[in-house]
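The structure appears below as structure tokens.
The values are calculated or read from the model by the stated rules, or taken from the named source; none is laboratory data. Owing to the predicted nature of the structure, the values given are computational and were not obtained by experimental measurement. Here Cβ is always computed from backbone atoms with ideal geometry, including for glycine, and neighbour counts include all displayed protein chains.
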Amino acid sequence: MPVPEPQRCAMPAAGTTYGADLTLLVIEADPTGTFSVSELPSAAGTRVRVRSARNLTEAGRLLTDDVDCILLDLALPTGSETRADARADGDGAGDGLATLKHVLRIAPRHAVLALTAEDDAELAAEAVRVGAQDYLFRGELDGRLLSRAIRYAVERKRADIAQRQLTESRLRAQENARLERGLLPTPLLQGSDLSFASRYRPGRSRALLGGDFYDTVRTPDGTVHAMIGDVCGHGPDEAALGVELRIAWRALTLAGLCGDRLLSTLQQVLEHERDNEEIFATVCTVDISPDGRHAGLWLAGHPAPLIARQGRAAQLLPHEDGGPALGLLPHARWPRRQVELGGSWSLMMYTDGLIEGRVGPAGTQRLGQDGMVAMVNRQLEQGLGGEELLEAAVTQVRELNGGELTDDVAVLLLDRDEELIRRRGRSLPRPRSGSSARVSAQRPPL
């Protein structure tokens, strides 16, 4: 059946928010029986293109994306498709509402006006409750009322769609926030004398998780293992890969792997999980001996940690013997560097987002590692430590940058206070003479 040529009529622009032409699809057994296009006001303004369909089958062919509003006669004879829909839904509604529900199902993004008899107000109100934007009585229909009703229906539908999209966006954001919070690590340091602090700031707008990752665990032998890493890039794929690497690191560490063997296995995980061969990750991992005075350091293309020993200025740990980032070279090796920590110390591990911010009036220079060391030393001189130190460091880096940092930032801090440990040791109850009781070697976490 040939498609009727759309008719055109002028509609006043008053009340039309967008000022664009509108297209009306009339679905009625006798489209010329209720009103004619010529009855609409003819004035300069928004044009309305009218398409007419005598049944739902014909309406389906005319229902294109450019249709803005549908005028549906609820007295339209019910076709086989609407009766089938009603049976499938278990719907015992009348034919008019069954037809309306069918139209709403096939045209979810279109405004719908219900047209009914003047003495059927209950059906008209029910049509709006079912999903129509408004209703019109056949006996009261005129050009002025129709033009106003079409504009109102179109704007209301746009508002309904916008509100629904906003609600869905908020729900997705809440779900993502819960998911991302759940993926951030909880340090496993039960029984350790070390205190732990961390700060995490993703570079992506409105995100909680970026491509940076970190973790800290204590194994049964008393060794504390700490790790921080950075997947190149800042998108959700990089964030997901960072989570995978962190979880893999924790599992491998608890399984007894460390150092070169662990990094080699992490590289295999990265190679299997990354989207393309250009993706790599830098990693720094530290294993602190049970007595807290020594550590092994492995660097895989990552900046060296910062250490502040008691009575001495903070400085970078040696980084000359580091290996390549994970994913760059097959069969790479990462040598171990022995580090003497001392009795009391603070060890800060960070990603390059902390040192790549701009500094200076013109913002032409990077903060760099030397600038970060100087900044941290000033904050240490002010007596800052723990959470306060990390918060001050991240805040000042943002201020020096002149605004938000574009890269992810992760920082973690491990502290050991030998005097505090001694005081705690003296406060532990001593076993009574001749008793077989023994004081547990495990102390509560700081």
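Out of the residues in segment 259-289 that are over 18 Å from Arg337 (Cβ atoms) and touching a Lys or Arg at 6+ places or on another chain (Cβ under 9 Å), which is surrounded by the most Cβ atoms within 10 Å (Cβ to Cβ)?
Checked segment 259-289; the qualifying residue surrounded by the most Cβ atoms within 10 Å (Cβ to Cβ) is Ala281.
When both residues are 6+ apart or on different chains and their Cβ atoms are under 8 Å apart, which pairs have a first residue that lies in segment 259-279 and is within 13 Å of Ala332 (Cα to Cα), and a second that is of a type in the set (D, E, K, R) and outside any helix (DSSP H, G or I)?
Final answer for the pair search is Gly259/Asp287; Gly259/Arg336; Asp260/Arg333; Asp260/Arg336; Ser264/Arg333.
For Gly233, indicate whether it is modelled with pLDDT under 95 and surrounded by 15 or more Cβ atoms within 10 Å (Cβ to Cβ).
yes
Among Arg432, Arg398, which is modelled with pLDDT under 95 and either outside the structural domain of Arg293 (by TED's automatic domain parsing) or of a type in the set (A, V, I, L, M) (or both)?
The conditions single out Arg432.
Pick from Leu56, Leu97, Leu62: which is in the same structural domain as Asp134 (by TED's automatic domain parsing), closer than 13 Å to Ala132 by Cα and either touching a helix residue (DSSP H, G or I) at 6+ places or on another chain (Cβ under 9 Å) or modelled with pLDDT of 90 or more (or both)?
Only one candidate passes the filter, namely Leu97.
What tally of residues in segment 307-356 results from selecting those that are under 16 Å from Leu194 (Cα atoms) and hydrophobic (A, V, I, L, M, F, W, C)?
Within segment 307-356, residues that are under 16 Å from Leu194 (Cα atoms) and hydrophobic (A, V, I, L, M, F, W, C) number 7.
Of the residues Ala281, Ala304, which single one is under 26 Å from Asp193 (Cα atoms) and either polar (S, T, N, Q) or at pLDDT 95 or above (or both)?
Step by step, each of Ala281, Ala304 is checked, and only Ala304 is under 26 Å from Asp193 (Cα atoms) and either polar (S, T, N, Q) or at pLDDT 95 or above (or both).
Of all residues in segment 152-190, count the ones that are at pLDDT 75 or above and within 30 Å of Leu241 (Cα to Cα).
Selection size over segment 152-190: 14.
With among the small types (Gly, Ala, Ser) and modelled with pLDDT of 90 or more as the only criterion, which of Ala121, Ala114, Ala149 stands out?
Ala114
Out of all the residues in segment 112-159, which are in contact with a Lys or Arg (Cβ under 9 Å, 6 or more places away or on another chain), of a type outside the set (Ser, Thr, Tyr) and part of a strand (DSSP E or B)?
Within segment 112-159, Val112, Leu115, Asp134 qualify.
A quick yes/no check of all residues on (1) assigned to a loop (DSSP other than H, G, I, E, B); (2) exposed (fewer than 15 other Cβ atoms within 10 Å of the Cβ); (3) touching a residue at least 24 places away in the same chain (Cβ under 8 Å):
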| position | (1), (2), (3) |
| --- | --- |
| Gly292 | yes, no, yes |
| Ala295 | no, no, yes |
| Pro303 | yes, no, yes |
| Ala313 | yes, yes, yes |
| Asp321 | yes, yes, no |
| Ala374 | no, yes, no |
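Report yes if Leu367 is modelled with pLDDT under 95, closer than 20 Å to Ala314 by Cα and either surrounded by 13 or more Cβ atoms within 10 Å (Cβ to Cβ) or more than 27 Å from the chain's Cα centre (by Cα) (or both), otherwise no.
Criteria met by Leu367.
Quick one: which strands (runs of 3 or more DSSP E) lie wholly within segment 184-250 and hold at least 1 residues that are aromatic (Phe, Trp, Tyr) and over 15 Å from the mean Cα position of the chain (by Cα)?
195-201, 212-218
Arg218 - would you say it is buried (at least 20 other Cβ atoms within 10 Å of the Cβ), modelled with pLDDT under 95, of a type in the set (D, E, K, R) and assigned by TED's automatic domain parsing to the domain that holds Leu328?
Against the criterion (buried (at least 20 other Cβ atoms within 10 Å of the Cβ), modelled with pLDDT under 95, of a type in the set (D, E, K, R) and assigned by TED's automatic domain parsing to the domain that holds Leu328), Arg218 does not qualify.
Would you mind finding the one in Gln133, Gln163 that is assigned by TED's automatic domain parsing to the domain that holds Thr78 and surrounded by 12 or more Cβ atoms within 10 Å (Cβ to Cβ)?
Criteria check complete, one pass: Gln133.
Can you tell which of Leu390, Leu412, Leu328, Leu384 is of a type in the set (A, V, I, L, M, F, W, C), in a helix (DSSP H, G or I) and surrounded by 15 or more Cβ atoms within 10 Å (Cβ to Cβ)?
Among Leu390, Leu412, Leu328, Leu384, only Leu390 is of a type in the set (A, V, I, L, M, F, W, C), in a helix (DSSP H, G or I) and surrounded by 15 or more Cβ atoms within 10 Å (Cβ to Cβ).
Check whether at least one residue in segment 317-334 is in the same structural domain as Gly383 (by TED's automatic domain parsing) and under 21 Å from Pro187 (Cβ atoms), and report yes or no.
Within segment 317-334 (the criterion being in the same structural domain as Gly383 (by TED's automatic domain parsing) and under 21 Å from Pro187 (Cβ atoms)), the answer is yes, since at least one residue qualifies.
Take Gly385 and tell me if it is closer than 27 Å to Gly259 by Cβ and of a type outside the set (A, V, I, L, M, F, W, C).
no
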